[in-house]
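Taking it in order: structure first as structure tokens, then the write-up.
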Amino acid sequence: MQKFNASMQKAGILLSAEGLHPPAIGTRVAFKGGRPKITDGPCAEAKELVGGFWMIQAKSQAAAVEWASRCPAADVDIIEIRQVFEMADFPPDVQAAATGG
């Protein structure tokens, strides 16, 4: 995994990479009816969990898929590729409100 991370860093696309502690020591905050419900881990009803993440800046979704395909993952691992919202993704009125315009 260190070689994989180093290759992304060398390519200049790695913005951030973090691992997460297991959910057994985490806490969930769920919202129902506008009220928070706090549940301390472990959360047995969880079937899919995020174990960590990479934030990369790829030229395209295809390029991000290519990088994810190189990961030395285990047979049970899944990498989900999602784009981060940028200001240009929002309608003009939201952009104006965000910039004070």
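Taken together, the values in this text are just the output of simple stated rules run on the coordinates, not laboratory data. Please read all numbers here as calculations on a predicted model, not as lab measurements. Cβ atoms come from the backbone with ideal geometry, glycine included; neighbour counts cover every protein chain shown.
Of the chymotrypsin sites (Phe, Trp or Tyr not before Pro) found in region 1-100, the ones in coil according to DSSP and having at most 12 other Cβ atoms within 10 Å of their Cβ are Phe85. Multiplying the residue separation of Ser69 and Ser7 by 0.36 nm and subtracting their alpha-carbon distance yields 21.0 nm.
Rg over Rh for the chain works out to 1.06, using Cα positions for both radii and the Kirkwood form for Rh.
Applying the criteria of a DSSP loop state and at most 10 other Cβ atoms within 10 Å to the GluC sites (Glu not before Pro) of region 1-76 yields Glu45, Glu48.
Of the trypsin sites (Lys or Arg not before Pro) found in region 12-70, those that fall in a DSSP loop while having at most 15 other beta-carbon atoms within 10 Å are Lys47, Lys59, Arg70. Look at the alpha carbon pairs under 8 Å that are at least 6 residues apart: their mean separation over the length of region 1-44 gives a relative contact order of 28 percent. Summary value for the chain: 26 percent relative contact order, contacts being C-alpha pairs under 8 angstrom separated by 6+ residues.
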